1. So the check is Cβ under 8 Å with 6+ separation or different chains; which pairs have a first residue in region 18-35 that's in a strand (DSSP E or B) and a second one that's at pLDDT 95 or above and charged (D, E, K, R)?
2. Please find, within region 36-47, the residue that is surrounded by the fewest Cβ atoms within 10 Å (Cβ to Cβ) out of those that are more than 13 Å from Asn12 (Cβ to Cβ) and touching a residue at least 24 places away in the same chain (Cβ under 8 Å).
3. Specify the residue that is surrounded by the most Cβ atoms within 10 Å (Cβ to Cβ); the eligible residues are those in region 22-33 that are over 14 Å from Leu81 (Cβ atoms) and of a type in the set (A, V, I, L, M).
4. Going by what's in this entry, would Ala40 be described as more than 16 Å from Ala16 (Cβ to Cβ), modelled with pLDDT of 70 or more and part of a helix (DSSP H, G or I)?
5. Using beta carbons and a limit of 7 Å, which pairs, at least six apart or on different chains, have the first residue in region 51-79 and closer than 15 Å to Arg36 by Cα and in contact (Cβ under 8 Å) with a residue 60 or more places away in the chain and the second one surrounded by fewer than 15 Cβ atoms within 10 Å (Cβ to Cβ) and aliphatic (A, V, I, L, M)?
6. Among the residues that make up region 48-65, is at least one of them in a loop (DSSP other than H, G, I, E, B), under 11 Å from the mean Cα position of the chain (by Cα) and of a type outside the set (D, E, K, R)?
7. Name the residue that is modelled with the highest pLDDT, counting only residues in region 48-102 that are among the acidic types (Asp, Glu) and buried (at least 19 other Cβ atoms within 10 Å of the Cβ).
Amino acid sequence: MRILSVDPGQKNIGIALSDELGISANPLTIIKHVQREKDAAEIAKIALEKKAELIIVGQSLDEDGKPTFEGRRSARFAKALCAKTDIPIKLWDESYSTQDARQTAINMGVSRKKRRGHLDDIAAAVILQSYLDSHRN
């Protein structure tokens, strides 16, 4: 089953995609945040093109497991996305995904200059890999 992952941000939205077996996550693209409904329509289109059967939306949680301010924004985004597609959507804890993405880029040998750019697609892959690992049989 192919799964699409979304890391919604204030400026950029990272997108990652799993392989067909649902084993590994790979960064796919970054789209610029425009407006919630337009962004949701764009992601729904990508999910359809990539034949995704599930969409994971990253949601930040506090230490008590409750959504943070950004986590509540993610929930509103997921709701907007639900209105644009019939593909099931799940919220998934994205805690530390940006830090993990930065470390992943370092481990991959990405130069410091290039790491100053956007890591949103890698963060989406980190979120998706976390989901895949937790649901492995």
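The values are calculated or read from the model by the stated rules, or taken from the named source; none is laboratory data. What you see is a predicted model, and the numbers here were worked out from it, not measured in a lab. So basically every Cβ, Gly included, is an ideal-geometry build from the backbone, and we count neighbours across all protein chains shown.
1. What qualifies is Ser18/Arg2; Asn26/Asp19; Leu28/Lys50; Ile31/Asp39; Ile31/Glu42.
2. If we filter region 36-47 for residues that are more than 13 Å from Asn12 (Cβ to Cβ), which is where we start, we get 36-38, 40-41, 44-47.
With touching a residue at least 24 places away in the same chain (Cβ under 8 Å) added as a condition, the list becomes 36-37, 40-41, 44, 46-47.
Details: Arg36: 15, Glu37: 13, Ala40: 23, Ala41: 17, Ala44: 22, Ile46: 18, Ala47: 24.
Result: Glu37.
3. Looking only at region 22-33, we keep the residues that are over 14 Å from Leu81 (Cβ atoms), and these are 22-30, 32.
Now drop any that are not of a type in the set (A, V, I, L, M), which leaves 23, 25, 28, 30.
Values: Ile23: 11, Ala25: 25, Leu28: 20, Ile30: 21.
My answer is Ala25.
4. Values: more than 16 Å from Ala16 (Cβ to Cβ): yes; modelled with pLDDT of 70 or more: yes; part of a helix (DSSP H, G or I): yes.
Against the criterion (more than 16 Å from Ala16 (Cβ to Cβ), modelled with pLDDT of 70 or more and part of a helix (DSSP H, G or I)), Ala40 qualifies.
5. Here the result reads none, with nothing in region 51-79 linked to a residue that is surrounded by fewer than 15 Cβ atoms within 10 Å (Cβ to Cβ) and aliphatic (A, V, I, L, M).
6. Step one: filter region 48-65 for residues in a loop (DSSP other than H, G, I, E, B), giving 50-53, 60, 62-65.
If we keep only those that are under 11 Å from the mean Cα position of the chain (by Cα) too, we end up with none.
No, there is no match, as no residue in region 48-65 is in a loop (DSSP other than H, G, I, E, B), under 11 Å from the mean Cα position of the chain (by Cα) and of a type outside the set (D, E, K, R).
7. Pass one, region 48-102, residues among the acidic types (Asp, Glu): 49, 53, 62-64, 70, 86, 93-94, 100.
Those left that are additionally buried (at least 19 other Cβ atoms within 10 Å of the Cβ): 94, 100.
Numbers: Glu94: 83, Asp100: 59.
By that ranking, first place goes to Glu94.
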